[in-house]
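Structure, as structure tokens:
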Amino acid sequence: MVRINENYNKLQASYLFADIARKVEEFQKANPDTDVIKLGIGDVTRPLPARIVKAMHDAVDDMASSEGFHGYGPEQGYAFLREAVAKNDYQDKGCDISADEIFISDGSKCDSGNIQEIFSADAKMAIPDPVYPVYLDTNVMAGRTGEVVDGRYEGIVYLDGNMENGFVPELPTEKVDVIYLCYPNNPTGATATKDQLKTWVDYARENDAVILFDAAYEAFITDDTLPRSIYEIPGAREVAIEFRSFSKTAGFTGTRCAFTVVPKECRAFNAAGEKQMLHPLWNRRHNTKFNGVSYVIQKGAEAVYSPEGKKEVQELIAYYLRNARMIRDTMNEIGLACVGGENSPYIWIETEGSSWDLFDKLLNEAGVVTTPGAGFGKCGEGFIRISAFNDYEKVEEALKRIKKAFQ
Ligand SMILES: *Cc1c(COP(=O)(O)O)cnc(C)c1O
């Protein structure tokens, strides 16, 4: 009798998006003339920058000629893209990262979900709460957790975020092996300072641990004192893997391109307690289970680093950040406490009651859809997330209605 992987049965069903959809449908039925505005979107909304589109078109033309045709590419990604990434995202910013430490992939979701495969089944995982659900669910599937007790999986060390710590958790009291961090954060929009990241890097070095740093929203950092990469922290090369994506940076959520950085010195330990490097492990995993991102898309990603591409991407980010600032200002005006929205497209808003109370108020009184924070973990209860990924005019109209609802 073929048996299933029972770990999948431990996964908590998420009714969040189904519940949101049902509430929106009911509201729309009762208010057919209201133009419902969705500020819950965790996806970009603006078109791809022109320079990137041109690079993709040119690459398609390459594929149509016998000289320019490309079949399977290198599994780690084309050198033209890895070199552009290493130079522009790291070396020019003072980080010691080389092209052969970069692995091009079709998304940070897959990479941040798959990375746990290279660690032992009994590795102790520390996962922030609230956070992007992928880190937790992939560890549940892999069998690193027990059942859910009181809303939390046994076996996971949760790192609690709250208004007091600004959603940058304190070090765990018990020893952990792998630590997931995401800054600027989804869903809270919180950022971590260099000193805060240094605390984690020092912890990882002292405790033979590894940090998995998700920097998917790095492009939204405008405050130059904030770190854009974990490798800005001395000693991080030995203890940190970084995930980056073109999804939120350059509008690639639909075209798919991202990368993972595994420095050559980054280490873990084998059963004998001997040091073993993670680069060859991830290389083996990547080459065995992945066959590369298409040439056309990698050509598009390369164009992100061209002078025109950089300018267009900056304009794109500035567009969303203007929305974010406007949302944050309105929340301050109506007296709702919030974090994020300054170096992030997300604004995380504290409510008096439950997440759903504020969600319902904004839907029923303003026709605006948000995301209840409870969907991102236990510590997300009592918060909602508002996203800046939308048209400026729509955000402006939504905020006008929200202000009125609070008058
Ligand atoms: C959007 C997002 C990503 C990017 O995922 P892709 O698969 O590259 O589109 C990664 N991490 C977080 C926290 C995100 O919100």
request  = With +1 on each Lys and Arg Cβ and -1 on each Asp and Glu Cβ, and nothing else charged, work out how big the dipole of the chain is about its Cα centre, in Debye to the nearest 20.
outcome  = 460
note = Diffusion coefficient in µm²/s returned for region 357-400 by Stokes-Einstein, Kirkwood Rh over C-alpha pairs, 10 °C and 1.306 mPa s, is 142
Which listed pairs, of K87/K275; K248/K404; K109/K194; K87/K299; K38/K404, have C-alpha distances above 22 Å, in listed order = K87/K275; K248/K404; K109/K194
request  = Find how many whole Å separate the alpha carbon centroid of region 1-51 from the alpha carbon centroid of region 116-132.
outcome  = 25
message = At a threshold of 8 angstrom on Cα-Cα distance, excluding pairs fewer than six apart, so keeping six or more, what relative contact order does the chain reach in percent?
response = 23
remark   = Over region 52-305, with neighbouring protein chains present, the accessible area per residue in Å² at probe 1.4 Å is 39
query = What residues qualify as long-range amide H neighbours of C182, i.e. H under 5 Å apart, gap of 5 or more or another chain, H built at 1.01 Å from N?
reply = D214
request  = Read phi for every residue in region 13-18 and hand back ³J(HN,Hα) as whole Hz from Karplus 6.51 cos²θ - 1.76 cosθ + 1.60, θ = phi - 60°, with x for Gly and Pro.
outcome  = 5, 9, 9, 3, 6, 5
ask   = Sorted by average packing, counted as other Cβ atoms within 10 angstrom per residue and highest first, what order do 7-17, 36-46 take?
value = 36-46, 7-17
task = Mind ranking 99-110, 281-292 by how tightly packed they are, going by the mean number of other C-beta atoms within 10 angstrom, highest first?
result = 99-110, 281-292
remark   = Per the Kirkwood formula over distinct C-alpha pairs, the hydrodynamic radius of region 249-299 in angstrom is 13.3
request  = Given the peptides 239-251, 61-73, 133-145, 324-336, arrange them by the average over their residues of other C-beta atoms within 10 Å, most packed first.
outcome  = 239-251, 133-145, 324-336, 61-73
query = How large is the Kirkwood hydrodynamic radius of region 178-329, in angstrom, based on all distinct alpha carbon pairs?
reply = 17.1
remark   = Taking placed amide H atoms and a strict 5 Å upper bound, the residues 5 or more places from F167 or on another chain that come that close are N162
message = Counting only protein heavy atoms and a 1.4 Å probe, tell me what percentage of region 52-305's accessible area is made up of carbon and sulfur.
response = 49
request  = Report Rg/Rh for region 292-384, rounded to two decimals, where Rg is the Cα radius of gyration and Rh the Kirkwood radius.
outcome  = 1.15
key: Cα-derived Rg over Rh, computed across the chain with Rh taken as Kirkwood radius   = 0.97
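The values are calculated or read from the model by the stated rules, or taken from the named source; none is laboratory data. All values reported here derive from a predicted model rather than from experimental measurement. We place every Cβ from the backbone using ideal geometry, glycine too, and count neighbours over all the protein chains shown. Calculation scope for accessible area: heavy atoms of the full protein, side chains included, ligands and nucleic acids excluded. Shrake-Rupley method; radii C 1.70, N 1.55, O 1.52, S 1.80 Å.
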